[in-house]
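Notes for the one structure printed next.
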Amino acid sequence: MRSSVSETTHLPFNLLRCVLLLLALACPNHLTSSKRCPPMYDSVQQTSCGCSKADFDMQPASTGPARLWPGGIVFYDFDNRLDTYYRKLIVKCVKLIESLVGTSHLEFRPMLNEKKERCSRDSFLLFKRGDSKAANCKGPVGMAQTGITTIVLDQQICSYEQAILMPIISVLGLQDEDNRSDRDEHIQVRFDEVYQPTCAAFKARTTPDATEKLPYDYKSITHKYSCMLSCRGEYTLLDLEGKPVLDSYMNFTDLDVAKLRALYPESTKTPFSMEMCDARYSRSRKSDPSSPRVGVRFSEDNSSDSHEAWTMATQLSVTMATLCAVYLLI
């Protein structure tokens, strides 16, 4: 059973799937060709294919547990360039995560309270408007060691809930399922078919975290699908039987929820109090060695390899599907 997001938010993905189905029906020769991904991937740059050890050495990825938010409380704020509608969409995503995981595990608190009083703390999550010239729907893996943790969102590209949910999940420390340290026991990565600039997105973690005590989830909202980051239309991911992993990142699965709860157990949840808004409180937590900081530090740009690669390919895929649909209609 999957925990559903509202039907209206599925529209972009449902439209994309309809387009892909129409493309498959319109191109019957494709079904018997060696290209097994949808036709839109055939036009992807076919040079720069394949990953080598040097690619992984040069492109660091998240190789250990992410740094979690102390006490399971995440203070958040908005860039003043984000419009009111988009802020409401972000809040909707935040509330969705809270409702699924439970506030006894994880709690989001706005920096600006009901009395229009702003917290003075210097450690919080900032939703920032991205440059319209760049494809931005990204956030780091886990909480930044110091200061502000930033999620960059382009209001045009990240215009639906799923695109906003993904970087929030990443910031909470839930990493891509197919990057688990034990992923080779569950999937095959076809490194020769990966678009070389995105190799870091396929780097497995070297150290397991609390989520790996739970079963592997092919349908996780964080799992790449088989055509993701393909350089010439061939599958990049297969299960151990050689079957493709379908595009299924529309909703949270029960295991996704369980894994967020595993990262933020009730036993470590701190009850909210107004003093947490004070900068002195957040600083004292930093200096307190007993403060629950789980995992290792990643820089503020720690997702700029694997998650930026994931984002770039996702947006490229949507763009190609749209162009193909227009071509069929002409």
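For this structure, a couple of remarks:
- Verdict on residue 106 being in contact with a Gly (Cβ under 6 Å, 6 or more places away or on another chain), surrounded by 12 or more Cβ atoms within 10 Å (Cβ to Cβ), at pLDDT 70 or above and under 28 Å from residue 159 (Cα atoms): yes
- Condition met for residue 216 (among the aromatic types (Phe, Trp, Tyr) and either in contact with a Ser or Thr (Cβ under 9 Å, 6 or more places away or on another chain) or touching a residue at least 60 places away in the same chain (Cβ under 8 Å) (or both)): no
- The residue that is nearest to residue 266 (Cα to Cα), among those in the range 177-202 that are at pLDDT 90 or above and either hydroxyl-bearing (Ser, Thr, Tyr) or in a loop (DSSP other than H, G, I, E, B) (or both), is 180.
- Each residue in the range 131-170 was checked for being of a type in the set (Gly, Ala, Ser) and not in a loop (DSSP other than H, G, I, E, B), and 2 of them qualify.
- For the range 76-83, the criterion of being closer than 20 Å to residue 173 by Cα, surrounded by fewer than 20 Cβ atoms within 10 Å (Cβ to Cβ) and among the acidic types (Asp, Glu) is met by at least one residue.
The values are calculated or read from the model by the stated rules, or taken from the named source; none is laboratory data. Keep in mind the model is a prediction, meaning the values are calculated, not measured. Virtual Cβ from ideal backbone geometry, glycine too; neighbours counted across all protein chains shown.
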